[in-house]
Amino acid sequence: MCGRLQEELRFCCTAPTLISYWTARYSWADDTHQFLDQLGADRAISRLDSADLTRVQKLRCGWLPVNRRLSREDPDRTAGCATCRAVDSVDKTVDHVLQCPSPVRRGLLTERLSSLTATLREWKMAPMICQILSAAAHHWILIPWGDFEIHVPDDTPSRQLVLSAIKAQAEIGWGLMFRGFLSSDWRRIQDAFFAQRTGISGKLDTGQYWARRLVSWYFETFRIAWFQRNLDEHGSDEFGQRVILKARLACTIRRLYAIGESFPDHERHPICKDSIGTSKITPTRALDSTMAPMICQILSAAAHHWILIPWGDFEIHVPDDTPS
């Protein structure tokens, strides 16, 4: 009992500040956080390694380096998705990482979603929950622009609790399931389903253990999409990475040249066009025609020494018979 209370007490001590941030971040109502199954999410997070933990924490707080956020810091980064060739008005948000219609990513997620129902049945999930969560995941990823309606038959076990879970999850956000934000009513329904089952139940047949596995499935699904997003964004091989880097450098050069058009002429073109391609002419030969020989020799030697041998001492010998 003390072990179970320890986790609950930790939530009570640390939750308020983070919950207030989530409430503002996701535009929740003031009481929406009361529906969250924080214990199930915490158990799933506790099983992550350091790299996955960092990604999941950024995912839940909305701080993953997607294009929408990077474009605010990098002037050469556009907010649009280059993978699906969406226009800049379509922001590359965290949700778009899952909903991007690029063939490779869509194929990976479709395969993942097609096995969801079988996975949930293997976990001994209540049939109605299995049906609702599978349909919600398919609809939110594959048809995000359509309306999502759920019909709950009158003879559904724990029907009122199911309706309450649907309403609570709608207030939290169906898409936020992939960030580990689930309604605690799902766990209560599963506990009731285990209690109503006839026969011997295993020691892991509890709503808490079930919620941990479900949240872990959502985290793993996002990891697959995020890994493919990084390959699409940065290149999956050396050639692709070189092409992407070259395109970004070209964008930077174009931006800098556009900025330079507003500069005065003497700042816009610091190197005279006539001097391009004249690298074979030495400074001494260029200055011979108009400059006193001694000045020509001194300035040429000083320029060569300062650029090529900056660490050495520069000494100048002026003969006694030098004019002036």
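Numbers below:
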{"read-out": "Cα shape, the range 30-71, gyration tensor, a/c 1.5 rule", "value": "oblate"}
{"read-out": "Exposure proxy order (Cβ contacts within 10 Å, fewest to most) of Asp52, Asp154, Asp232", "value": "Asp154, Asp52, Asp232"}
{"read-out": "Net charge over other residues, Cβ less than 14 angstrom from the Cβ of Phe227 (K, R count +1; D, E count -1)", "value": "+1"}
{"read-out": "Ascending count of other beta-carbon atoms within 10 Å, so fewest first, for Asp74, Asp191", "value": "Asp74, Asp191"}
{"read-out": "Largest-first principal axis extents of the Cα set of the range 2-234 (Å)", "value": "61, 38, 32"}
{"read-out": "Mean separation of Cα contacts under 8 Å (6+ apart) over length of the range 2-234, as relative contact order %", "value": "25"}
{"read-out": "Sites matching trypsin sites (Lys or Arg not before Pro) across the range 100-169 that sit in DSSP coil, with at most 16 neighbouring C-beta atoms within 10 Å", "value": "Lys124"}
{"read-out": "P(r) weight above 14 Å for the range 108-155, C-alpha pairs, percent", "value": "53"}
{"read-out": "Amide H contacts of Leu36 (H built 1.01 Å from N, under 5 Å, at least 5 apart or other chain)", "value": "Ser184"}
{"read-out": "Estimated vicinal HN-Hα couplings, Hz - the range 23-37 in sequence order (Karplus 6.51, -1.76, 1.60; Gly, Pro = x)", "value": "4, 6, 5, 9, 6, 7, 6, 4, 9, 5, 4, 5, 8, 6, 8"}
{"read-out": "Net charge of neighbours whose Cβ lies under 14 Å from the Cβ of Tyr26, counting Lys and Arg as +1 and Asp and Glu as -1", "value": "-1"}
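No lab work stands behind these numbers, since they all come straight from the coordinates. What you see is a predicted model; the values in this text were computed from it and never measured. Glycine also receives a Cβ, built like all others from the backbone with ideal geometry; neighbour counts cover every protein chain displayed.
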